[in-house]
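All of the numbers you see were taken from the coordinates with simple rules; none came from a lab. It should be emphasised that the depicted structure is a prediction, and the values quoted were computed from it without experimental measurement. Here the Cβ positions follow ideal geometry from the backbone for every residue, glycine too, while neighbour counts run over all protein chains shown.
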Amino acid sequence: MKRGQYFALLTGVFFLLVGFLGFIPAFVQEPAVSGKSIDLFDAQYGYLMGAFPINVFHNVVHITVGLLGVLASISLGASRVYGRGLAAFYGLLTLMGLLPYTNTTFGLIPIFGNDVLLHLSTAAIAFYFGFIDAPGLLELSDRTRDNAEKFYGDHPSAS
C-alpha cells in the first residue's frame, strides 16, 4: 500500500468517525440560540465536541466522504483521484465558509467557524496526495517484481 492509499484510508476512517459521532447526542452541544425555526438547516443542528457546527446533512456528507475514502484506498489511482476531488471539494467549501451568503451552503449545511480551518487543512493535505505525491520508480519496480514472483513463483527464470 502506497502513501496515497494510506491517506485515502485514514481520511475515510476519520470522516466516517466524525459523521457517526455527529449522530450521538453526547458529542453534540446544543447551540446557544433561543427560539426554534423550521429550516432544513436546523435538522439536528449543534456543535460537534462544542467546536464544529454540524447538522444531519453535514453528518451525511462526512459519512459519504468517508466511504469514498475507504473505497478509494483499494488502488493508487483511485486514491489519487480521491485526493484531487477532496482538494477541490473542500477548497470550495473553505471559500464558501468565508462568505456570509454561502457559509450555510444556501441554508442546508453549516460550514462556518472552525469548519473553515478544518476544510482548509483537509484541502491542502488532499492537494498534496492528489497532485504532488507520487510513488517513485523504485516503488513501482518493486511492486512489479513482487507481482511477477506471485504469478511465476520463485523460479530462476522469473528474474
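Compute the FRET efficiency between M49 and A88 as 1/(1 + (r/R0)^6), taking r as their Cβ-Cβ distance and R0 = 25 Å, and round to the nearest 0.05. Please report the intermediate quantities before stating the final value.
Details: r = 27 Å, r/R0 = 1.07.
The pair M49/A88 has a calculated efficiency of 0.40.
Ranked from highest to lowest mean number of other Cβ atoms within 10 Å per residue, what is the order of the peptides 119-125, 100-106? Before the final figure, lay out the partial values.
Values: 119-125: 17.3, 100-106: 13.7.
Ranked from most to least packed, the peptides come out as 119-125, 100-106.
R0 = 41 Å: FRET efficiency of F112 with V81, Cβ-based, nearest 0.05?
0.90
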